[in-house]
1. Which of rounded, prolate or oblate describes the range 30-75 when judged by the alpha-carbon gyration tensor and an a/c cut-off of 1.5?
2. Given the options 182, 139, 230, identify the residue whose Cα lies farthest towards the positive end of the charge dipole of the range 116-263 (+1 on Cβ of Lys, Arg; -1 on Cβ of Asp, Glu).
3. Taking amide hydrogens as modeled 1.01 Å from N in the peptide plane, which residues meet the under 5 Å criterion relative to residue 71, leaving out close sequence neighbours?
4. Can you run phi through the Karplus equation (6.51, -1.76, 1.60; θ = phi - 60°) for the range 204-215 and list ³J(HN,Hα) in whole Hz, with x for Gly and Pro?
5. For residue 175 paired with residue 111, estimate the spin-label separation in nm (one decimal), with each label point 7 Å from Cα along the Cα-to-Cβ line.
6. Based on the mean of other beta carbon atoms within 10 Å per residue, what is the order of 199-207, 225-233, 282-290, most packed first?
7. Name the residues whose placed amide hydrogens come within less than 5 Å of the amide hydrogen of residue 190, ignoring near sequence neighbours (fewer than 5 apart) on the same chain.
8. Treating the beta-carbon of each Lys and Arg as +1 and of each Asp and Glu as -1, no other charges, what is the dipole magnitude of the range 159-275 about its Cα centre, to the nearest 20 debye?
Amino acid sequence: MNRRSLLIRAAGLLAVAGGAWWAREHLFWPKPELVFGSEGATPWLSYGRRTSTPTVAVRVEGREVLALIDSGAQFSVIDRAFFETLPDEGRALFDMPLLAYGVGGGTQVGRGTSVDVDLPGLSIRKLRAAILDLGPLAAEDGLRTPIILGQDVLGEAVLALEPGRRYVRLVDREAFVRPPDLIEAEVRRQGTALQADLTVEGAAVRAIIDTGASSLLGLSREAATTAGLLDGRPERAGVSLVLGGAMRSTLVEARTVTFADQLYEQVEVGVFDQPPLPNFPGGLVGMEAFRDRRAALDLGRGTLHISRPLDLTVG
């Protein structure tokens, strides 16, 4: 599997995927300040990379780069190597040490910085970001996204997605008007994330909605066992890009998965090892779940609105 296809088919575990997990109860992390232009939203922005995950062009302290919009990352992250290239005035540090966990149990210790990030129609001021090694997510031969906009940003705005056109926009919550053809899906807030109920071959599963993940569903080994997926059916090895590098995973096929009133058949599910942390997500719903649908995620209010499926069955 070449790197391009790996980035697109990374078993649903792309990036801080699965969200970087922080010891939040020991950390004071103020909200960023989002300043929208007169329209109250960014224009529709085309994806900056040919992947299924939303990446957009931004300016970080005057430097033009791509950012990954990742609803599975609990906080925003800036790549350590990129941070070192910023001018001195753009490299403000705070000394509080950070402990970050990714899917598969990988751990990094870093520090934090405060940066300004600009998009068309939106300025994000005083964004606190963890300084971590993003590995292939930031590398020139990888996704080339040295900054990740996480739940701290998405908790302050509505994220609108049109994956079929590969467009994304951020909307001021007070200016957002729900399109009449979008219906409300059953989700709830889990901390700062959105959690949805799915079924996997009839078994109930709860999973975090993770726009940083490419495929439809990833499950922890415990959740996959509970759903009956590790029952001796064929397995194959996979590789997923995670916080700081790559991780081996197990791929199995689920006969059926349901999410937001849509039935999916013959779904390849990535199975990952879950770190021993309370409330770490046991499942991740990635961008493949939104294929041919439009969606609006409001992490602050804990809502998901999504267009009706074009077909009752997606294979």
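Here, each number is a calculation from the coordinates, and none is a lab measurement. Just so you know, these numbers come straight off a predicted model, no measurement behind them. Cβ: placed from backbone, ideal geometry, glycine included. Neighbour counts: every protein chain shown.
1. Details: a/c = 1.44, a/b = 1.20, b/c = 1.20.
Rounded.
2. Checking the options against the dipole of the range 116-263, the answer is 139.
3. Result for residue 71 returns 211, 212.
4. For the range 204-215, the Karplus curve yields 6, 9, 10, 9, 7, 7, 10, 6, x, 9, 8, 8 Hz.
5. 3.7
6. On the way: 199-207: 17.3, 225-233: 14.6, 282-290: 25.3.
My ranking of the peptides, most packed first, is 282-290, 199-207, 225-233.
7. Here the answer is 195, since their amide H atoms fall under 5 Å of that of residue 190.
8. Values: 13 positive and 17 negative charges, 66 e Å.
My answer is approximately 320 debye.
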